[in-house]
Amino acid sequence: MKPTLLLGTRKGLVAYRYSNGHWQLENTSFEGVPVSIAYADPRNGTWWAALDHGHWGVKLHRSTDRGANWEEVAAPAYPEGATVKDGAPAATRYIWAISHGGRAHASRLWLGTDPGGLFVSEDGGNSFQLVESLWNHPSRPAGWFGGGRDQPGIHSIVVDPRNEDHLYVGVSCAGVFESIDAGKTWMPRNNGLRADFLPDPASEYGHDPHILVAATSNPDVMWQQNHCGIFCSIDAGENWTEMSEQDGPARFGFAIAVAEDNPGQAWVAPADSDAIRVAINGALCISRTDDGGKTWKQLRNGLPQQGCFDIVYRHALATSGDAVAFGTTTGNLFVSPDRGENWQVINNYLPMLHSVQFAD
Amino acid sequence: MPTVKFTRALRRFFPTLQDTPAEACTLTQVLDEMDEHYPGVKTYLLDEQGRLRRHVNIFVDGNMIVDRDTLGDALHEGSEVYIIQALSGG
């Protein structure tokens, strides 16, 4: 297990460090400011904080000393002439995903944003450029739209560790796109997904993959917690198969995490439904599959089982080794040392949690 | 010569902010000047397309500006430009 938990919350960045058998508060930064994503780059240990100031816009900061000092860098900016669907000028409204670009590209970073732009940096994050090929993809004008937010957003970036010019993005709402040339060209990968909210649920575009991840131990196995269920692909996104429970809680939700050592073991954080976004029957539950989604086990030991309204946002469920951690919309942070069999509370009094990441 | 006054909330990010005289005679140029005094402050007030951010207000001589997209409101010799935040909570 990596010994740091990096949290992006509605009221700042928080870091916990595991020491002497306990999770201890290590750092708080940007108190009072919404942090849409807190991200530790595993290549160099740099911490990134994407801020969503209510008044002053989206900002990006980095720290090379575990949050002791922060440096503001230029936030991703849409070029003059870029427009959103209604013809209005495009401007960054939210940073929804941060990913390093791979060990072969030591200075590359990717950012996903609302209103739908993917940005790349080739200079370690000193500057970011809009990836025009995706922004100008012919599907965007008619096939992309907002889901939960007014404009479409890129919340997932998956870089293939075997070939770091090979990547995927997840867009809500549009679906999954794959590039095999470092973002020069893009192909939709939505075959087998279902968009129940569209007139044609099998539409090529317009899907809502709440979060997209690839298995560390076999990146051809990909998972997504979609608005319309849990889907898995065993062929690198070519085809998706629904793995939701028919009669159990593992169905609707936002987050998914895959075991580092087993592509068929995954956790989800079920919520009641699209229409009722709270814990099911007032009880918090994490569900885990050990068999690629054929069956799901409910994990409740140590989680509140009455009077609970918590749900888990898309970036707020993570795993490292045998440990699993998640943070909730009502500010509860839980960690399991044994793959979800038992849970312990780390803090009941955090702000709403946007992101949870294990880091060195 | 216009004078620019800033909300105290911005001092968290720009600790040296103070009432600052400007040479320019348009609002856009005044903000460019302020960005030279306080590098980066413009990105806190305007988005990348030059529009005033939704929860930021600018008053010129007591009147809220009208042109939030291109900042075409007139300035005069001796104008006072107040940059404030809209109130919102949670």
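The values are calculated or read from the model by the stated rules, or taken from the named source; none is laboratory data. All figures in this text were calculated on a predicted structure; none of them were measured in a lab. Note: ideal-geometry Cβ built from the backbone for every residue, glycine included; neighbour counts use all protein chains shown.
For every residue, the table says whether it meets (1) within 14 Å of chain B (Cβ to nearest Cβ); (2) touching a Gly at 6+ places or on another chain (Cβ under 6 Å); (3) more than 21 Å from A:His166 (Cβ to Cβ).
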residue: A:Ile98; (1), (2), (3): no, no, no
residue: A:Pro115; (1), (2), (3): yes, no, yes
residue: A:Asp123; (1), (2), (3): no, no, yes
residue: A:Ser127; (1), (2), (3): yes, no, yes
residue: A:His137; (1), (2), (3): no, no, no
In segment A:189-218, anything touching a strand residue (DSSP E or B) at 6+ places or on another chain (Cβ under 8 Å), surrounded by fewer than 19 Cβ atoms within 10 Å (Cβ to Cβ) and over 20 Å from A:Ser244 (Cβ atoms) is listed as A:Glu204, A:Thr216
Filtering segment B:72-90 down to residues that are within 14 Å of chain A (Cβ to nearest Cβ) and modelled with pLDDT of 95 or more yields B:Ile83
Looking across segment A:313-340 at residues that are of a type in the set (Val, Ile, Thr) and within 19 Å of A:Cys232 (Cβ to Cβ), the single one that is surrounded by the fewest Cβ atoms within 10 Å (Cβ to Cβ) is A:Thr319
Residue pairs qualifying under the 7 Å Cβ cut-off, at least six apart or on distinct chains, with the first in segment A:236-249 being under 28 Å from A:Cys285 (Cβ atoms) and the second being modelled with pLDDT under 95, are none
When you scan segment B:38-54, do you find a residue that is surrounded by 14 or more Cβ atoms within 10 Å (Cβ to Cβ) and away from chain A (no Cβ under 14 Å), even just one?
no
Output for Cβ contacts, cut-off 7 Å, separation at least six or different chains, first residue within 14 Å of chain A (Cβ to nearest Cβ) in segment B:12-29, second surrounded by fewer than 15 Cβ atoms within 10 Å (Cβ to Cβ) and part of a helix (DSSP H, G or I), reads B:Leu17/B:Arg11
Within segment A:147-197, restricting to residues that are at pLDDT 95 or above and basic (Lys, Arg), the one that is nearest to A:Gly237 (Cα to Cα) is A:Arg189
**Prompt:** Do we have A:Gly57 as farther than 22 Å from A:Val159 by Cα, within 22 Å of the chain's Cα centre (by Cα), in contact (Cβ under 8 Å) with a residue 24 or more places away in the chain and crowded, with 22+ Cβ neighbours inside 10 Å here?
**Reply:** yes
Note on A:Ala279: of the conditions (1) of a type outside the set (D, E, K, R); (2) free of Cβ contacts under 8 Å to residues at least 60 places away in the same chain; (3) under 22 Å from A:Asp160 (Cβ atoms); (4) buried (at least 23 other Cβ atoms within 10 Å of the Cβ), unmet is (3)
By residue number, the members of segment A:77-95 that are within 13 Å of chain B (Cβ to nearest Cβ) and outside any loop (DSSP other than H, G, I, E, B) are A:Thr83, A:Pro89, A:Tyr94
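Quick check on my filter: what residues within segment B:1-34 are of a type outside the set (Ser, Thr, Tyr) and within 10 Å of the chain's Cα centre (by Cα)?
The first filter runs over segment B:1-34 and keeps only residues of a type outside the set (Ser, Thr, Tyr), leaving B:1-2, B:4-6, B:8-15, B:17-19, B:21-25, B:27, B:29-34.
Within segment B:1-34, B:Val4, B:Lys5, B:Phe6, B:Leu27, B:Val30, B:Leu31, B:Asp32, B:Met34 meet the criteria.
Out of the residues in segment B:1-11 that are within 14 Å of another protein chain (Cβ to nearest Cβ) and closer than 22 Å to B:Arg68 by Cα, state the one that is surrounded by the fewest Cβ atoms within 10 Å (Cβ to Cβ).
Step one: filter segment B:1-11 for residues within 14 Å of another protein chain (Cβ to nearest Cβ), giving B:6-11.
Checking which are closer than 22 Å to B:Arg68 by Cα leaves us with B:6-10.
Numbers: B:Phe6: 22, B:Thr7: 14, B:Arg8: 9, B:Ala9: 15, B:Leu10: 20.
Checking each candidate, the answer is B:Arg8.
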In segment A:143-173, anything under 16 Å from the mean Cα position of the chain (by Cα), within 17 Å of A:His227 (Cβ to Cβ) and not polar (S, T, N, Q) is listed as A:Gly147, A:Gly148, A:Arg149, A:Pro152, A:Gly153, A:Ile154, A:His155, A:Val169, A:Gly170, A:Val171, A:Cys173
Only one of (1) free of Cβ contacts under 8 Å to residues at least 60 places away in the same chain; (2) farther than 13 Å from A:Trp56 by Cα does not apply to B:Gly40, and that is (2)
